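Participant: One structure coming up, written as structure tokens, with questions to follow.
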Amino acid sequence: MSIYLIRHGQSEFNAAHALDPTTDPMTFDAHLTELGVQQAKSAREEVADLGIKHVVASPLTRAIQTAMHIFGDDHPITVNPQVSEKLYSSCDVGSHPTVLKDMFSHLSFDHLPTQWWYGDPDIDQRIQAEPDDIFLTRALGFRTWLDQWNDEPLAVVGHGTFFVQLAGHHMQNCEIHKYR
């Protein structure tokens with residue numbers, strides 16, 4: 001079965017960081033910009049003929065928003081924290097599952113722990129860079145899951161660094177890449 005990777009649309013963090021790449025704009029769990037929404041709506045037209053039946057999305061807001069603008073309520077969407085971005089910046093710090101449930105009431109977040117993104121509880125710091133070995137283990141775990149996927153065509157809506165690790169391909173915002 002076909003598997004497609006879709007990077008989220010432009011986020012508030014992407015836009016601010018493009019203006020000044022030397023600083024973190026402190027935009028936690030960034031949402032899509034208007035351009036990001038338009039990119040996702042354009043991607044909807046691109047995926048219409050791919051036969052996608054199921055969607056897996058990162059719990060980061062920009063990925064869920066992208067999945068919703070592309071697939072709407074036409075496809076089941078499973079939120080999977082394995083697909084989240086490597087935590088490096090403020091935008092990679094997630095939102096509590098109850099906050100996500102308030103924004104996306106039709107999706108299930110019951111399986112997510114209170115803090116599903118990377119963070120060492122012994123460190124009192126909100127932004128903690130995810131160590132490479134933990135990130136690689138997470139990405140390899142998801143790759144193993146994907147390699148066993150034999151059901152209907154699948155889309156995975158996620159993030160740039162995660163997809164580079166997963167597929168070795170740097171993706172632009174809302175780019176669609178055939179993984180398999």
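Participant: Could you tell me which of the residues Leu140, Leu100 is at pLDDT 95 or above, more than 23 Å from Gln172 (Cβ to Cβ) and buried (at least 20 other Cβ atoms within 10 Å of the Cβ)?
Facilitator: Leu100
Participant: Anything in segment 76-87 that is in a loop (DSSP other than H, G, I, E, B) and more than 23 Å from Leu35 (Cβ to Cβ)? List them, or say none. Lay out the reasoning, then the answer.
Facilitator: Kept after step one, since they are in a loop (DSSP other than H, G, I, E, B), are these residues of segment 76-87: 76, 80, 84-87.
Result: Pro76, Asn80, Lys86, Leu87.
Participant: If you take the residues in segment 2-14 that are within 14 Å of Ser89 (Cα to Cα) and not polar (S, T, N, Q), which one is surrounded by the fewest Cβ atoms within 10 Å (Cβ to Cβ)?
Facilitator: Glu12
Participant: Could you count how many residues in segment 28-49 are at pLDDT below 95 and in a loop (DSSP other than H, G, I, E, B)?
Facilitator: 2
Participant: When residues of segment 148-167 are filtered for being assigned to a helix (DSSP H, G or I), in contact (Cβ under 8 Å) with a residue 12 or more places away in the chain and either in contact with a strand residue (DSSP E or B) (Cβ under 8 Å, 6 or more places away or on another chain) or not hydroxyl-bearing (Ser, Thr, Tyr) (or both), how many remain?
Facilitator: 6
For (1) under 30 Å from Gln148 (Cα atoms); (2) out of contact with any Gly (no Cβ under 6 Å at 6 or more places or on another chain), each residue gets a yes or a no:
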site	(1), (2)
Ile3	yes, yes
Gln10	no, no
Asn14	no, yes
Ala18	no, yes
Ala57	yes, yes
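Participant: Could you say which residue among Thr78, Thr98, Thr137 is in contact (Cβ under 8 Å) with a residue 24 or more places away in the chain and either closer than 20 Å to His8 by Cα or not small (Gly, Ala, Ser) (or both)?
Facilitator: On the way: Thr98 fails: in contact (Cβ under 8 Å) with a residue 24 or more places away in the chain; Thr137 fails: in contact (Cβ under 8 Å) with a residue 24 or more places away in the chain.
Only one candidate passes the filter, namely Thr78.
Participant: Take Glu152 and decide whether it is buried (at least 17 other Cβ atoms within 10 Å of the Cβ) and more than 15 Å from the chain's Cα centre (by Cα).
Facilitator: Details: buried (at least 17 other Cβ atoms within 10 Å of the Cβ): no; more than 15 Å from the chain's Cα centre (by Cα): yes.
Here the answer is no, as Glu152 does not meet what is asked.
Participant: Keeping to segment 81-106, report how many residues are touching a Gly at 6+ places or on another chain (Cβ under 9 Å) and of a type in the set (Asp, Glu).
Facilitator: Number satisfying all stated conditions: 1.
Participant: Now, a different point. Considering only residues that are assigned to a helix (DSSP H, G or I) and within 14 Å of the chain's Cα centre (by Cα), which ones fall in segment 50-75?
Facilitator: Within segment 50-75, Thr61, Arg62, Ala63, Ile64, Gln65, Thr66, Ala67, Met68, His69, Ile70 meet the criteria.
Participant: If you don't mind, another one. Filtering segment 51-97 down to residues that are crowded, with 19+ Cβ neighbours inside 10 Å and acidic (Asp, Glu), which residue is nearest to Ala129 (Cα to Cα)?
Facilitator: Out of the qualifying residues, it is Asp92.
Participant: I've got another one for you. Glu130 passes all but one of (1) of a type outside the set (A, V, I, L, M); (2) surrounded by fewer than 16 Cβ atoms within 10 Å (Cβ to Cβ); (3) farther than 25 Å from Ala40 by Cα; which number fails?
Facilitator: Evaluating Glu130 over (1) of a type outside the set (A, V, I, L, M); (2) surrounded by fewer than 16 Cβ atoms within 10 Å (Cβ to Cβ); (3) farther than 25 Å from Ala40 by Cα leaves (2) as the failure.
Participant: Taking the condition under 27 Å from Met1 (Cβ atoms) and not small (Gly, Ala, Ser), does Trp149 pass?
Facilitator: Values: under 27 Å from Met1 (Cβ atoms): yes; not small (Gly, Ala, Ser): yes.
Against the criterion (under 27 Å from Met1 (Cβ atoms) and not small (Gly, Ala, Ser)), Trp149 qualifies.
Participant: Now for a separate question. Is segment 128-140 home to any residue that is in a loop (DSSP other than H, G, I, E, B), of a type outside the set (A, V, I, L, M, F, W, C) and under 17 Å from Leu32 (Cα atoms)?
Facilitator: No; the residues of segment 128-140 include none that is in a loop (DSSP other than H, G, I, E, B), of a type outside the set (A, V, I, L, M, F, W, C) and under 17 Å from Leu32 (Cα atoms).
The values are calculated or read from the model by the stated rules, or taken from the named source; none is laboratory data. This one's a predicted model, so the numbers in the text were calculated from it and none came from an experiment. Quick reminder, even Gly has a Cβ in these numbers, built from the backbone with ideal geometry, and neighbours come from all protein chains shown.
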